[in-house]
Ligand code: PEP
Ligand code: MN
């Protein structure tokens, strides 16, 4: 971190900054001082990630404060060059093996969940999704089956032999998620910046992997800040890109593939794309899921329903038979991506020759 003092700071301003740093645990010998004709620069050597930038920015004699190192250093490839791999109980490695998460938006009934679960398992999904607690815009619409939904999900896991993921919306439900042994705990877009909730999740003893969805219009810095909160208590964090809101009424959201590529270049956590919520439109889901993989994502999460027309939630973006074609295509993109880098993957998967 570098603190630039105002020209008027003088010795008093300088000493004030130095004493604040000392109070925050940065002794004088960690400072590099540059005194120019007009400005004084105070450089802090070593780890400055715990210093509150805003506090220093607010000091009377300070002109600017710059962070040199990444505030999310622990998540950064500078610190940890290799991909993080999140291994599930059954040996599936998110961040290494292609991850396909599929299942209904909401668990509606035993028949709906089991039929859909069998369908996605047959078609090659490796993780079964199903929402039991649904964050609906209109509170009078179907809110999910709650605990009964988790129970059905745990039974479906036995039936089809896939690990399961479900959204936890409230810290008060932590005991339920522990009781039903939910394999991956999903933090939805709406809770992405709910810090007390994230802190509660990060303090769960023997935690399960957490899939953190980026809220629409949540910046990458905010997402990484949220991820780091979780990561401090539980390093098995997976990021999920699910799009930003758009003024265009044709789509529900726009999947932000810049984010996928950026996160994969600079950070080591696995990234999953959710083209179902990222588009809101069934016919775009397969294309955008593959595009997400080509941009570097480690997997895709999609909503599948055995009868989308009858879905109680998100039927318009739910796949049915279309899911069968997604898995082999995704495998194709994923395999060439490993060897060739994300950018060439789509071309190679389509049989185009690299120039
Ligand atoms: C979901 O995946 O079930 C969901 C509600 O998504 P999001 O939090 O991205 O809106
Ligand atoms: Mn949904």
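The values are calculated or read from the model by the stated rules, or taken from the named source; none is laboratory data. The structure displayed is predicted, hence computed values, not measured ones. So basically every Cβ, Gly included, is an ideal-geometry build from the backbone, and we count neighbours across all protein chains shown.
Numbers for the structure displayed
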| read-out | value |
| --- | --- |
| Failed condition for residue 39, given (1) surrounded by 13 or more Cβ atoms within 10 Å (Cβ to Cβ); (2) touching a residue at least 40 places away in the same chain (Cβ under 8 Å) | (2) |
| Filter result for residue 328 (in contact (Cβ under 8 Å) with a residue 24 or more places away in the chain, assigned by TED's automatic domain parsing to the domain that holds residue 114 and surrounded by 19 or more Cβ atoms within 10 Å (Cβ to Cβ)) | no |
| Test: residue 136 is in the same structural domain as residue 210 (by TED's automatic domain parsing), away from ligand 2 (no atom under 16 Å from the Cβ) and modelled with pLDDT under 95 | no |
| Hits in segment 168-194 (condition: assigned to a loop (DSSP other than H, G, I, E, B) and either over 16 Å from residue 147 (Cα atoms) or away from ligand 1 (no atom under 15 Å from the Cβ) (or both)) | 180, 181, 183, 188, 192, 193, 194 |
| For residue 346: the one exception among (1) crowded, with 18+ Cβ neighbours inside 10 Å; (2) at pLDDT 90 or above; (3) part of a helix (DSSP H, G or I) | (2) |
| Count - residues of segment 270-288 that are closer than 22 Å to residue 88 by Cβ and away from ligand 2 (no atom under 15 Å from the Cβ) | 2 |
| Residue 121 in contact (Cβ under 8 Å) with a residue 24 or more places away in the chain and assigned to a helix (DSSP H, G or I) | yes |
| Filtered residues of segment 236-267 (kept if loosely packed, with under 15 Cβ neighbours inside 10 Å and more than 16 Å from ligand 2 (Cβ to nearest atom)) | 246, 247, 248, 249, 250, 258, 265 |
| Residues of segment 78-133 that turn out to be on the phi > 0 side of the Ramachandran plot and away from ligand 2 (no atom under 16 Å from the Cβ), as a count | 3 |
| Test for residue 162: is it modelled with pLDDT of 95 or more, outside the structural domain of residue 238 (by TED's automatic domain parsing) and over 19 Å from residue 276 (Cα atoms) | no |
| Output for segment 194-217, where each listed residue is under 23 Å from residue 302 (Cα atoms) and either surrounded by 15 or more Cβ atoms within 10 Å (Cβ to Cβ) or in contact (Cβ under 8 Å) with a residue 60 or more places away in the chain (or both) | 208, 209, 210, 211, 212, 213, 214, 215, 216 |
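So that you can scan it fast, the table gives a plain yes or no per residue for (1) within 16 Å of ligand 1 (Cβ to nearest atom); (2) at pLDDT below 95; (3) under 21 Å from the mean Cα position of the chain (by Cα); (4) closer than 17 Å to residue 116 by Cβ:
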position	(1), (2), (3), (4)
251	yes, yes, no, no
271	yes, no, yes, no
282	yes, no, no, yes
290	no, no, yes, no
303	yes, no, yes, yes
308	yes, no, no, yes
327	no, no, no, yes
